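Enquirer: So that we are looking at the same thing, I have put the structure below in structure tokens.
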Amino acid sequence: MADSVVSFLLENLTQLLTKESKLLLGVKDQVRSLKNELSLINLFLQKTEGKRQDELVKEVVSQIRDVAYEAEDVIDTFIMTVTEHRRRRSKLRKLIHSCERAITFHEVASKIESIKIINKEINDNRSKYGIEIAESSGGDAEAEEILHRRRKRVEEDQVVGFAHDAEVLVKELMEGSLQRNVVSIIGMGGLGKTTLARKIYNNNDVKNYFDFRGWVYVSQKYRIRELLLEILNGLSPPPRVMLRAELKEKLLQGLYATYSSNNDKLKGTLTEDLKRFKEMNDEEFRKAWFEFLEGVQDHNDLKNSLSNFVQDFYSENGVKLQDMTEDELKSVLLESLEDKKYLLVMDDIWNIEVWNEVSIAFPNNSNRSRILITTRIKEVSLHASSVNNSVPPIPPYELPLLEEDKSWELFSKKVFWEGTCPPELETLGRQLVKSCHGLPLAIVVLGGLLACKEKTHRIWSKYIGHVNSYLTDNRSRCIDILALSYNHLPRHLKPCFLYFGIYPEDFEIPVRQLIRLWIAEGFIWQSGNRNIEDVAEDYLEDLIDRSLIQVAKKRLDGGVKTCRIHDLLRDLCISESSEEKFLEVHSNVNLSPIGKSRRISIHYGNNPYISSGPCKPSNSRSIIGFGGVVELESPPDNCYLECICKSNKLVRVVELSNMGVCCLIPKGIEKLVLLSYFSLASGELIPDSMCNLWNLETLDMRNSTARTKCNLWNLETLDMRNSTVRTKCLPKGIWKLQRLRHLYLDGPTSLPRTKKNTAALPNLQVLTGIAINEDTESHFAKARFPNLRKLGLYSSRWVESGILSSLRPLCHLQTLKIYHLHEISSSPTSILLTLTKITLVESALVDLALVDSAFMGVLGSLPKLRILKVIGRAAVDYEFVSNVLNCDERSFQQLEVFKMASLNFFEWKLGQGAMPNLQRLVIERTSCMLPDELWCLSALRDVEVLHPGPVLAKRLRQLQMRDGCKLHVYPPLDRESRSFTSQSTFGSEASTVADEGWM
């Protein structure tokens, strides 16, 4: 990824030159010169984006990447050395430091000059070998055609599992508005979008319904002219020639002269008709001329004379289709389709520009004409559907992956044709098919491989566990088809997509963690004053809309909570990343990385012990670990973290929280001076040594399965008699981490006192796990965290809390989560008015004994509150609950999502005008009488009830839902009920009440 390497290095150098110039004293001019060189390189990379099929260009880009890596190493090593020297305090050490610094200056200046010489050689070779940037080439077109033929062979091989999809889409094509409308099929590459579209196109009902049907394959390398010609040539009969407007006058003059010279005259004159013809376009003139000749009776000589003149004139002066301009072709197509009920299929559209270009040639003739498009990109579908504002757009049809039985059916047809699978191979075969995860392209290619092999248990067994390897070894089979989506990505999304290769197969990826990693890696480009996390979320949404990433779970507010990537796309990430030295995936337990990749992802499996072996030096910038949850038989050690500290001194990202084991943090962590992201399930508090990491932006020390096991080795941290965790305290040096943006802690953790009134963390945006006490309230009141957006607090029943009042200086705070809140002021001014999301966990204010009306009144008065989650203790016997939940009139005016879990009240009263914007309601393990006013809320779209009590379940059985509002109940009610969903809908949701946390 030469692009991302150079871009990141440029940004890094710019920051150093402007904000950290003291670190560069002695080499500032050389660094500025290097930055200028890289800027020129960056321009070359921008111009060659998407045009690197040529091997010479590929080689130049590869050399640029290696030079950029070397430059990055030189600068980072220099910064690390200078930082270490600054820590030396004795006079002798300072003297040694001065000598070493002078030597370092000379070395850095020399290395930068060497890099500039290498860069000059690369530029000279570009000129020497004629490496120029071409807009397109015959080779590109030929490669595109070969890939298209290969794609047709695999995508249209078999039609299985599309009966329901075809039925839905045929109905959308043949019913609905009289106006022209767009129906779209979207999904990842290899899903069978083209196959489904072809099935619909050839449907007999569709054939009989439309006067004309046309099909064009668009692709990434489309040419508007060729698309128009392909449609026009499909017309029967196709338009042959047209007359340009400037020749119309000459034609009419010739007609008049021919008429005047003929002795056979019509009653009246031709003058009026000629005036009428003059105002017509070419298509209108032809129709009118034909009607005129038909009306000529008993004047055969005149009729033949005029007809022959027009035919001869068109033969001599008319323009054939292949000679027309694009605008003329559009005009001819528009005129040709004007009176027809037509269906046009535009297969494999990649951008909105092609639609904007050709759609003006598709008349909106109120004949129920339709355009069917297939695309991998949701934005294209939405754009095409929304252009005609007079017609409600038809939502894109998202083609799902095949279910297990349909996958097996497709595989069997490919392998055995008309035969059936022998019983002794079926279990093995189904296991192989399962590895394809329902992707038709993968199933067809796998079936094609096995169709040519001996059908025995011995042969098929070789494929178990290696299906993806067989599918990706030969790129011509299917990986190139999937790679089209990657190649089409804009440069800022390519590293974000490749980064998915760090995760293991079938891993459910936490989106918040992914976004923090992207930011730490330097992939996210700042956009004006927007929050960088919001920009990163847009990047992810773009990848989802391009059908490269799948949504696994959504948050209550509709955002993506977790996501997945198909195994074949993951393999594509890994293969592309390996070639680009972007990342490597290791499956062994040796933490010392081998190779030159900038990022190392280590998948430990279920190894209970992790040995690092010899600590060999590495220039890797990221270490990410994954592993299974294991039972530890001895206290954890920190040998492998020590190895990282010794051998990976230039590392910026260390993500080990997913390993499933715990470890201690060595003092040597302070040597990782470039570290900006650190996440670990640790059995101890943050050590003082970490407070020397001046570049640290994200520090995540939250609980995990491993963390829980770690704590058992230090029983002083637990009070097993009353099940309360004792408050810990952050080190005093935490105030030195001026770049810190995210601090995630296991609560309750106390903030350290400081004598400096100016002490603050100005860039901190997320802070969780903080104990509520006098020190905490004092820090908040003194605005030590002025840019905080998300805050997580732990209260205690023995603390008199004024915490909410102390939060008022946090003018950017949007999200607040509090555990065990026991009191609150009844004044609305006691709570921050900027809050958009509040989560209360096990609060006494909603306990069995009391549902505090004042408390609900304060929450209901917040002007920006959009999401409210209230989670109580374990539910009690519903028969003994008699509390009332009151929502005052016109309260919660902006609330969109309300979740209640494990609450103990019997009745919910909703005042007039309350919650007018409520869209989603989730009720879990809470038995209450839902108010009748709830079902009158016009904005309400989704009600989910998980594990309802007997009173609520009885009420739900009698409920009739209005149109536009869906009710989901888990476990499903009895069959007589009309309001239930299958278990699969809530299988995961039912067990995750408060697991959204602060990801």
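The values are calculated or read from the model by the stated rules, or taken from the named source; none is laboratory data. Remember, predicted model here, so these are calculated numbers, not experimental data. Backbone-built Cβ (ideal geometry, glycine too); neighbour counts: all protein chains shown. Please note that ligands, DNA and RNA were not included when accessible areas were found on the heavy atoms of the full protein model with its side chains. Shrake-Rupley method; radii C 1.70, N 1.55, O 1.52, S 1.80 Å.
Enquirer: Leaving out ligands, DNA and RNA, what percent of the accessible area of the range 158-252 is carbon and sulfur, probe 1.4 Å?
Expert: Values: 1930 of 4150 Å².
About 47 percent, which is the carbon plus sulfur part of the accessible surface.
Enquirer: Take each of the peptides 485-496, 437-448, average the number of other beta-carbon atoms within 10 Å over its residues, and list them starting from the highest. The partial results should precede the final answer.
Expert: Values: 485-496: 18.0, 437-448: 24.8.
With the highest mean Cβ count within 10 Å placed first, the list reads 437-448, 485-496.
Enquirer: Between Glu283 and Ala163, what is the label-to-label distance in nm when each label sits 7 Å out along the Cα-to-Cβ direction?
Expert: 4.1 nm
Enquirer: Just the number please: accessible area per residue for the range 310-364, 1.4 Å probe, all protein chains included, in Å².
Expert: Working: 2210 Å² over 55 residues.
In whole numbers, the range 310-364 has 40 Å² accessible per residue.
Enquirer: Is the shape of the range 288-335 best called rounded, prolate or oblate, per the rule: a/c under 1.5 gives rounded, else a/b larger than b/c gives prolate, else oblate, with a ≥ b ≥ c the square roots of the Cα gyration tensor eigenvalues? List each step's numbers first, then the result.
Expert: On the way: a/c = 6.28, a/b = 2.10, b/c = 3.00.
Verdict is oblate for the range 288-335.
Enquirer: Stretched out fully, how many nm does the piece from Val387 to Ser315 gain, at 0.36 nm a residue minus the Cα gap? Write down the numbers at each step before the final one.
Expert: On the way: separation 72, 0.36 × 72 = 25.92 nm, distance 3.91 nm.
Fully extending the segment from Val387 to Ser315 adds 22.0 nm.
Enquirer: Then there is this: What's the ranking of 669-677, 428-436 by average number of surrounding C-beta atoms within 10 Å, highest first?
Expert: Values: 669-677: 22.0, 428-436: 19.7.
With the highest mean Cβ count within 10 Å placed first, the list reads 669-677, 428-436.
Enquirer: I need the calculated FRET efficiency for the pair Ser461 and Arg32, taking r as the beta carbon distance and R₀ as 45 Å, to the nearest 0.05. Intermediate results must be reported in sequence, preceding the final value.
Expert: Values: r = 62 Å, r/R0 = 1.37.
Efficiency, from the Cβ-Cβ distance: 0.15.
Enquirer: Over the range 279-372, what is the mean sequence separation of C-alpha contacts under 8 Å (at least six apart), divided by residue count, expressed as relative contact order in percent? Present the calculation step by step, with values, prior to reporting the outcome.
Expert: Working: 44 pairs, mean separation 27.3, N = 94.
Relative contact order, the range 279-372: 29 percent.
Enquirer: Oh, and also: Share of the range 876-973's accessible area from carbon and sulfur, percent, 1.4 Å? Show your work: numbers first, answer last.
Expert: Numbers: 2030 of 4380 Å².
Whole-percent figure for carbon plus sulfur exposure: 46.
Enquirer: Also, I was wondering about something else. Distance in nm between label sites at Glu541 and Ser305, each 7 Å beyond Cα in the beta-carbon direction?
Expert: If labels sit at Glu541 and Ser305, their model points lie 7.2 nm apart.
Enquirer: Also, I was wondering about something else. Given H placed 1.01 Å from N in the peptide plane, which residues other than close sequence neighbours of Lys561 have an amide H under 5 Å from its amide H?
Expert: Here the answer is Lys553, Lys554, Arg555, since their amide H atoms fall under 5 Å of that of Lys561.
Enquirer: Based on the Cβ-Cβ distance of Cys811 and Arg962, what FRET efficiency does E = 1/(1 + (r/R0)^6) give at R0 = 35 Å, to the nearest 0.05?
Expert: Working: r = 41 Å, r/R0 = 1.16.
So, using R0 = 35 Å, E works out to roughly 0.30.
Enquirer: Where only protein heavy atoms count, and the probe is 1.4 Å, what is the accessible area per residue for the range 892-940 in Å²? Please report the intermediate quantities before stating the final value.
Expert: Numbers: 1630 Å² over 49 residues.
Value for the range 892-940: 33 Å² per residue.
Enquirer: Of all trypsin sites (Lys or Arg not before Pro) in the range 744-811, which ones are in loop regions per DSSP and have a Cβ with at most 13 other Cβ atoms within 10 Å? Before the final figure, lay out each step's value.
Expert: Working: sites: Arg753, Lys755, Lys756, Lys782, Arg784, Arg789, Lys790, Arg797; in loops: Arg753, Lys755, Lys756, Lys782, Arg784, Arg789, Arg797.
Those satisfying the criteria are Arg753, Lys755, Lys756, Arg797.
Enquirer: A further question on this structure: ³J(HN,Hα) across the range 746-755 via Karplus (A = 6.51, B = -1.76, C = 1.60, θ = phi - 60°), whole Hz, x for Gly/Pro?
Expert: Taking θ as phi minus 60°, the curve returns 7, x, x, 10, 8, 7, x, 6, 8, 8 Hz for the range 746-755.
Enquirer: Dividing the alpha-carbon radius of gyration of the range 336-375 by 2.2 N^0.38 Å (N being the number of residues), what value is obtained? It would help to have the intermediate numbers written out before the result.
Expert: Working: Rg = 10.6 Å, N = 40, 2.2 N^0.38 = 8.9 Å.
Output field value: 1.19.
Enquirer: What are the ³J(HN,Hα) couplings of the range 396-404, residue after residue, when phi is run through the Karplus curve with 6.51, -1.76, 1.60 and θ = phi - 60°? Round to Hz, x for glycine and proline.
Expert: x, 8, 8, 6, x, 5, 5, 6, 4
Enquirer: By how many nm would the segment from Asn208 to Leu428 grow when fully extended, if each residue of separation counts as 0.36 nm and the alpha-carbon distance is taken off? Show your work: numbers first, answer last.
Expert: On the way: separation 220, 0.36 × 220 = 79.20 nm, distance 4.48 nm.
Computed gain between Asn208 and Leu428 is 74.7 nm.
Enquirer: Also, I was wondering about something else. In whole Hz, what ³J(HN,Hα) sequence does the range 432-444 give by Karplus (6.51, -1.76, 1.60; θ = phi - 60°), x for Gly and Pro?
Expert: With coefficients 6.51, -1.76 and 1.60, one gets 5, 5, 4, 5, 7, 6, x, 8, x, 4, 5, 5, 5 Hz.
Enquirer: What's the extension gain from Lys732 to Leu178 if we count 0.36 nm per residue and subtract their Cα-Cα distance?
Expert: Numbers: separation 554, 0.36 × 554 = 199.44 nm, distance 7.17 nm.
Difference between extended and current length: 192.3 nm.
Enquirer: How many percent of the accessible area of the range 345-491 is carbon or sulfur, using a 1.4 Å probe?
Expert: On the way: 3240 of 6380 Å².
Roughly 51 percent, rounded to a whole number.
Enquirer: Rounded to the nearest 0.05, what FRET efficiency do Glu353 and Asp942 give with R0 = 51 Å and r taken as the Cβ-Cβ distance? Could you check?
Expert: Working: r = 36 Å, r/R0 = 0.71.
So, using R0 = 51 Å, E works out to roughly 0.90.
Enquirer: If you roll a 1.4 Å probe over the heavy atoms of the protein chains, what accessible area per residue do you get for the range 453-550, in Å²? Don't skip to the end; give the middle numbers.
Expert: Details: 3680 Å² over 98 residues.
So the range 453-550 comes to 38 Å² accessible per residue, rounded to a whole number.
Enquirer: Give the peptides 542-548, 451-457 in descending order of average Cβ contacts within 10 Å, highest first.
Expert: Details: 542-548: 20.6, 451-457: 11.1.
Put in order of decreasing packing, that is 542-548, 451-457.
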